[in-house]
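The values are calculated or read from the model by the stated rules, or taken from the named source; none is laboratory data. Since the structure is predicted, the reported quantities are computational estimates derived from the model, not experimental observations. Don't worry about glycine lacking a Cβ; one is built from the backbone with ideal geometry, like all the others, and counts go over all protein chains shown.
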Amino acid sequence: METATVGEDILQFVTFNLNNEEYAVDILSVQEINRITEITKVPNSEDYVEGVVNLRGKVIPIINLRKKFSFEEKTADDSSRIIIMEIQNITNGLIVDSVSEVLRIPASFIEPAPPMSAEQNSQFIRGIAKLEGRLIILLDIDRLLGNEDAS
Amino acid sequence: MTDEMEEIISEFITEAEESLDRIEPLFVELEQKGEDRDLINDIFRSMHTIKGAAGFLGYQLVVDVAHSSENIMKKLRDGEISLSRELMDVILKSIDMLRLLLDHIKEKDGIEEDVAPLVKELGSALSRATGGQGEITVKVDSHNQTSAQQQEETVFSKLSPAPEMDAVSDRAPDAPASVQAERLPDAPEVIKHLPDAESLKEEALALNDTDEIKNPAIPPKDHGLKLKDKSAQNLRVDVERIDKVMDLAGEVVLVRNRLLNLSHYFDQKYNNDPQSESLTETVSFLDRVTSDMQLAVMRIRMQPIKKVLGKFPRFVRDMSASLNKDVELIITGEGTEVDKTVIEHIGDPLTHILRNSIDHGLESTEERVAKGKPSKGRVKIDIFQKGTQVVIEITDDGKGMDISKLKKKAIDKGLITRDEAAKMTDKAATELIFMAGFSTKEVATELSGRGVGMDVVKNNISMLNGYVEISTEKDVGSTFRICIPLTLAIIHALMVEASNAKYAIPLSPIEETLKVSAEEIENVSGQNVIVIRDKVCPLFELNDLLHTGGNGANKADHKYIIVISMGDRKYCIAVDKLLGQEEVVIKTLDGIDTSSSFVLGATITGDGKVVFILDVSGISRNLVEITKNS
């Protein structure tokens, strides 16, 4: 573990699956995890905006993460979930294939994202956690959802 | 700084700003009416209160400015000097300075304005007016000032030892405040808080000023009563709290809608069951109560539009002076109440229209005389409620708009083509002034004519879900009519269906709904149109507008058509089905860009589904574009 730049704190993440890869988001920004409910399509909106749902009287937009990352599309099934997150005072939902667990990862296990590609998606990666032979991609949720307006 | 002190200061700022807002139009009124003791007294008192409170809090600059202009007011009141334009100008300047100083205090930016030149100007204006007796006057006054300050500190210290001033008025049984509270046993809304202390203080000041009160025999508590009455009527509440109540009321409306659906279902299923009957009864009672509650909550947010209009007399005065035009401003219906959001957003559009009317609408005095009109130009602002809308009309008696000039200008600016101009009706042509980058004045003046402004009018007003229209007649004048719905949170909507999705269309711009057969729809150079009572109206498919991908309506023999009328624009939207009318609560959409989606917001229907509310004014704005593309 060569990187010790972030200090020795232990960080907590919610991990989920998308396109057979493991991803994680900071637990502090996760508000709740729901099953897929009825989603109302937003007219003339971006492709990756799946629509909006009624979350206890609040109307919140739902982002299809597969579409956002330009992965192959997949119809929602029993294991599909919506992760509700609050970023910069705006509540959003992310559709993922399935949610796995809550992980405690020491900061030293996290490596910065390799400068592998000029690929669009790499800008949303905050780092990569290596543990027990697993590689978990940590998402920079502020960039992912905060970017919304610009795109 | 302690919290209590912060509170006192912020209270001071609010009150002082309110006083300034209130007295500013009075100055202009005073100027028109000439000497009016009541007005002068009113202004004098307000200035005095500001000065007193500022002195107590140690804002010396505010005291200096307020004191100097107060000196002038005092002389005016006592009839020692008479009002002149010069005096008025410096007093108004001092009001501006006070605002600036208050801003600095509010921002805590520590910036110190140099008030000395202004104080000097005030002093010399006064001494010129009195014919050189200014010096003595100031001395006498500063004596008064000291004693007034002492007195006010006495009063204030009586109240201030306990940080919670409201508590004082509760505890001390002899304090006038509690006398007041006892006098109003039927008014549960009596809120004993800081402003009471302020008004008491003001009252005490007024009492101590022997010039002010001619009959010192009046017992103090009666005065307390008079002022307290006023404060008992008003209650300052954090807007956030009101919005929270608004939100909750909205939720109740939604639940009510769901219950109505359910009770309707049970009613049909068990229509002879007494329990079901009483459920229906209960729910319909809830229905009524909810509607009443909604209205009541909405009214909390309503404020008289006067708040916005207060600055206009001064604005018109300054503007007429700098343009050398004689202008009279008449305002009616300033008590009309509108939603707080409207108050916040209507100021700019009104200022722009007013500016436009005075600068572009009204002729110069010579021109008016030559035309045989009264030399004084007149601008009228009429505000009234019409149904569920508030109408604001701004009328000038100027030269009216020159349609051909407008068209020519728009062509020159490349905003429209020659062809378009030729086809354009006169009414449509007047709307050209709302296009971005349009300005008809040859030379841009300092005040208007930068080509920005009028498009702001249109934008702000459509943001409020309203519309603006113009009527004009050569040499008679022009009228801008702004129509805004009373409330923005809850609207009546027509529920429609397109491609199996429900949408809500605000009811106010809907003129009628029609069922037409496919043959009645004609196609004129690529654009579908329909003839309604001999008038040709463009027709759009909701499916196309929203790019839902479906074109279900095309298959059917019949179409349901909704005729929308926005100002002078009229167009039709074809939908698959009409579902009925519903009261919907507007939920804002955060986190998605809806600027091009023709969606105003969303609502949640009785069955818990999200339904989008269409932005018909947005569609109307894009009409030209759509027409061109199709």
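From (1) surrounded by 19 or more Cβ atoms within 10 Å (Cβ to Cβ); (2) modelled with pLDDT under 85; (3) among the polar types (S, T, N, Q), pick out the condition that doesn't hold for residue B:290.
(2)
Determine if the stretch A:58-71 includes at least one residue that is under 11 Å from the mean Cα position of the chain (by Cα) and facing chain B (nearest Cβ under 10 Å).
Yes, that holds for at least one residue.
Could you tell me whether the stretch B:386-396 includes any residue that is under 18 Å from residue B:434 (Cβ atoms), in the same structural domain as residue B:337 (by TED's automatic domain parsing), loosely packed, with under 12 Cβ neighbours inside 10 Å and not hydrophobic (A, V, I, L, M, F, W, C)?
No, the stretch B:386-396 has no match at all.
Of everything in the stretch B:565-588, what is outside any strand (DSSP E or B), within 14 Å of another protein chain (Cβ to nearest Cβ) and at pLDDT 80 or above? Give them in sequence order.
B:586
Identify, please: which residue in the stretch B:493-520 is within 28 Å of residue B:353 (Cβ to Cβ) and not β-branched (Val, Ile, Thr) and is, among those, surrounded by the most Cβ atoms within 10 Å (Cβ to Cβ)?
So, considering only residues that are within 28 Å of residue B:353 (Cβ to Cβ) and not β-branched (Val, Ile, Thr), the one surrounded by the most Cβ atoms within 10 Å (Cβ to Cβ) is B:509.
Out of all the residues in the stretch B:261-282, is one or more buried (at least 18 other Cβ atoms within 10 Å of the Cβ), of a type in the set (A, V, I, L, M, F, W, C) and modelled with pLDDT of 85 or more?
No: the stretch B:261-282 contains no residue that is buried (at least 18 other Cβ atoms within 10 Å of the Cβ), of a type in the set (A, V, I, L, M, F, W, C) and modelled with pLDDT of 85 or more.
Scan (1) touching an Asp or Glu at 6+ places or on another chain (Cβ under 7 Å); (2) modelled with pLDDT of 80 or more for the single condition residue B:124 breaks and write down its number.
Condition (1) is where residue B:124 drops out.
Please go through the stretch B:599-617 and give me each residue that is surrounded by fewer than 22 Cβ atoms within 10 Å (Cβ to Cβ), within 11 Å of chain A (Cβ to nearest Cβ) and either touching a helix residue (DSSP H, G or I) at 6+ places or on another chain (Cβ under 8 Å) or part of a helix (DSSP H, G or I) (or both), ordered by number.
B:605, B:607, B:608
Of (1) over 25 Å from residue B:130 (Cβ atoms); (2) touching a Lys or Arg at 6+ places or on another chain (Cβ under 9 Å), residue B:80 satisfies all except one. Which?
Every condition holds for residue B:80 apart from (1).
Only one residue in A:94, A:28 is part of a strand (DSSP E or B), of a type in the set (A, V, I, L, M), more than 10 Å from chain B (Cβ to nearest Cβ) and under 26 Å from residue A:128 (Cβ atoms), so which one is that?
Of the residues listed, the single one that is part of a strand (DSSP E or B), of a type in the set (A, V, I, L, M), more than 10 Å from chain B (Cβ to nearest Cβ) and under 26 Å from residue A:128 (Cβ atoms) is A:94.
If I go through the stretch B:17-59 residue by residue, how many of them are crowded, with 19+ Cβ neighbours inside 10 Å and farther than 24 Å from residue B:83 by Cβ?
Result for the stretch B:17-59: 6.
Do we find that residue A:74 is within 13 Å of the chain's Cα centre (by Cα) and not in a strand (DSSP E or B) in this structure?
Considered against the rule, which asks whether it is within 13 Å of the chain's Cα centre (by Cα) and not in a strand (DSSP E or B), residue A:74 comes out as no.
For (1) at pLDDT below 85; (2) farther than 30 Å from residue A:41 by Cα; (3) buried (at least 16 other Cβ atoms within 10 Å of the Cβ), each residue gets a yes or a no:
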| position | (1), (2), (3) |
| --- | --- |
| A:95 | no, no, yes |
| A:110 | no, yes, yes |
| A:122 | yes, no, no |
| A:131 | yes, yes, no |
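Would you kindly identify the strands (runs of 3 or more DSSP E) lying entirely within the stretch B:493-546 that contain at least 1 residues that are closer than 21 Å to residue A:43 by Cβ, out of contact with any Leu (no Cβ under 7 Å at 6 or more places or on another chain) and among the small types (Gly, Ala, Ser)?
So the answer is B:501-506.
Within the stretch A:80-93, restricting attention to residues that are under 16 Å from the mean Cα position of the chain (by Cα) and farther than 16 Å from residue A:38 by Cβ, which residue is surrounded by the most Cβ atoms within 10 Å (Cβ to Cβ)?
A:92
Got at least one residue in the stretch A:45-56 being at the interface with another protein chain (Cβ under 8 Å from one of its Cβ atoms), free of Cβ contacts under 8 Å to residues at least 40 places away in the same chain, part of a loop (DSSP other than H, G, I, E, B) and at positive phi?
Checked against the condition, which is being at the interface with another protein chain (Cβ under 8 Å from one of its Cβ atoms), free of Cβ contacts under 8 Å to residues at least 40 places away in the same chain, part of a loop (DSSP other than H, G, I, E, B) and at positive phi, the stretch A:45-56 yields no hits at all.
Does the stretch A:57-71 hold any residues that are farther than 20 Å from residue A:24 by Cα and outside any loop (DSSP other than H, G, I, E, B), and which are they?
Correct list: A:58, A:59, A:60, A:61.
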